[in-house]
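What follows is a single structure, written as structure tokens, with notes after it.
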Amino acid sequence: MNPHPIKPTSIGLWLAALVIGLVAVYHLPQLDFIAWWQDPEATGTVQFFQFFSDSVNYFSMGIPLAIAVVAEFNKSSDKKKSRLSLLYVLLSIAIAGLISYVMKRTFSEPRPYEVDTRIVQLSVGGGYSLPSGHTTEAFSSAIALILLFPRWTVAIPMLLWASLVATSRIYLGVHYPFDILMGMLIGSSVAGGFYFFLFRKYVSRS
């Protein structure tokens with residue numbers, strides 16, 4: 001039995017929740033929260049978050065590429081659909097990343113460790129802060145894969161991974177919670193928009 005497809009209203013509610021989160025977080029003491037939560041001497045915790053922060057470079061594109069490669073060698077698979085699915089994921093990541101880059105250059109927001117001496121830089125974070133590029137890429141990839149394979153066995157691991165990537169950027173001192181939510185919004189919006197308005201009729205497995 002094919003899984004039920006995710007409806008546009010579900011993505012719409014998700015995006016609305018992110019917007020509400022952005023409004024709420026904007027008025028909270030974000031620097032105080034990061035300084036309170038961060039513990040540079042907790043080596044295990046730092047390494048845990050550094051692992052997930054760095055994993056975005058391999059997982060976001062590696063997973064869809066692996067799926068596409070398997071499909072290419074599977075004689076019963078629809079290769080055209082698999083290739084379009086890969087194009088959809090990669091295009092979502094690329095466009096979301098471009099939007100993130102333009103916003104960084106536009107707002108030129110300094111990173112938390114640059115404005116508060118209580119916060120330590122525990123990860124690579126060059127350039128500007130808003131939005132989080134890691135989070136944008138992670139959520140564009142995660143949402144795209146969830147829309148392509150709408151089942152809990154895909155949704156739960158992908159959302160957990162993307163959320164850990166996002167959380168790691170706060171703990172490591174290189175992003176505000178507001179940056180993270182903005183990255184989630186951009187990545188989810190681009191992946192959802194491309195799927196429902198361009199790719200769904202070509203890649204839907206329902």
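Among the residues of the stretch 74-128, write down those that are more than 30 Å from Phe33 (Cα to Cα) and small (Gly, Ala, Ser).
Ser76, Ser77, Ser82, Ser85, Ser92, Ala94, listed by residue number.
Which residue, of Ser129, Ser108, is touching a helix residue (DSSP H, G or I) at 6+ places or on another chain (Cβ under 9 Å) and either among the small types (Gly, Ala, Ser) or at pLDDT below 95 (or both)? Explain how you work it out, then say what you get.
Details: Ser108 fails: touching a helix residue (DSSP H, G or I) at 6+ places or on another chain (Cβ under 9 Å).
From the options Ser129, Ser108, the qualifying one is Ser129.
Which residue is surrounded by the most Cβ atoms within 10 Å (Cβ to Cβ), if the candidates are limited to the stretch 162-206 and must be of a type outside the set (D, E, K, R) and part of a loop (DSSP other than H, G, I, E, B)?
Looking at the filtered set, the residue picked out is His175.
Here is a check on your reading of the model: is Ile34 closer than 20 Å to Ser132 by Cβ and either at pLDDT below 95 or surrounded by fewer than 17 Cβ atoms within 10 Å (Cβ to Cβ) (or both)?
Spelling it out, it is not the case that Ile34 is closer than 20 Å to Ser132 by Cβ and either at pLDDT below 95 or surrounded by fewer than 17 Cβ atoms within 10 Å (Cβ to Cβ) (or both).
Any residue in the stretch 72-89 that's surrounded by 14 or more Cβ atoms within 10 Å (Cβ to Cβ): show its pairings with residues that are acidic (Asp, Glu) at Cβ separation under 8 Å, as long as the two are six or more apart or on different chains.
So the pair list comes out as Ser82/Glu72.
Can you say whether Ala155 is under 16 Å from Ala96 (Cα atoms) and either without any contact (Cβ under 8 Å) to a residue 40 or more places away in the chain or surrounded by fewer than 19 Cβ atoms within 10 Å (Cβ to Cβ) (or both), as far as the supplied structure shows? Can you show your working first?
Values: under 16 Å from Ala96 (Cα atoms): no; either without any contact (Cβ under 8 Å) to a residue 40 or more places away in the chain or surrounded by fewer than 19 Cβ atoms within 10 Å (Cβ to Cβ) (or both): yes.
No; evaluated as a whole, the condition is false for this residue.
Just to confirm my filter: which helices (runs of 4 or more DSSP H) fall fully inside the stretch 1-105 and include at least 3 residues that are more than 23 Å from the chain's Cα centre (by Cα)?
The qualifying helices (runs of 4 or more DSSP H) are 30-37, 43-73.
The values are calculated or read from the model by the stated rules, or taken from the named source; none is laboratory data. Only a predicted model underlies this, so the values are computations on that prediction, with no experimental measurement involved. Note that each Cβ is placed from the backbone with ideal geometry, even for glycine, and that neighbours are counted across all protein chains shown.
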